[in-house]
């Protein structure tokens, strides 16, 4: 009876450790899925917007480019704005907003 009383706390510690490792592993998998989601913006999605007036949001500080998308080449998007043509790196785009056409 004395021997089993010694092993019960050790068993409980192992259960706590393994459950914590499983929780950490699940969090790591969820984080990686979110990271992969950020890179889901492909040229095929952007090419659908060629010729349309859009707002390209490029950062967390609400930096954006508003204009007509002219072309897409590799990771670069050419946008015609009021100030002239601009090139935007597609890797930094977090959102594309298109105005509804009437």
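Tabulated data
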| read-out | value |
| --- | --- |
| Relative contact order of segment 43-98, defined on C-alpha pairs under 8 angstrom at six or more residues apart (%) | 34 percent |
| Inter-label distance for residue 91 and residue 8, nm, one decimal - labels placed 7 Å from Cα along Cα-to-Cβ | 5.8 nm |
| Cβ-based exposure ranking for 48, 31, in which fewest neighbours within 10 Å come first | 31, 48 |
| Whether segment 43-98 is rounded, prolate or oblate, judged on the alpha carbon gyration tensor where a/c under 1.5 counts as rounded | rounded |
| Ranking of 45, 56 by count of other Cβ atoms within 10 Å, fewest first | 45, 56 |
| Packing-based exposure ordering (other Cβ within 10 Å, fewest first) of 80, 74 | 74, 80 |
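Here, each number is a calculation from the coordinates, and none is a lab measurement. What you see is a predicted model; the values in this text were computed from it and never measured. Cβ coordinates were reconstructed from backbone atoms using ideal geometry, including for glycine residues, and neighbour counts include every protein chain displayed.
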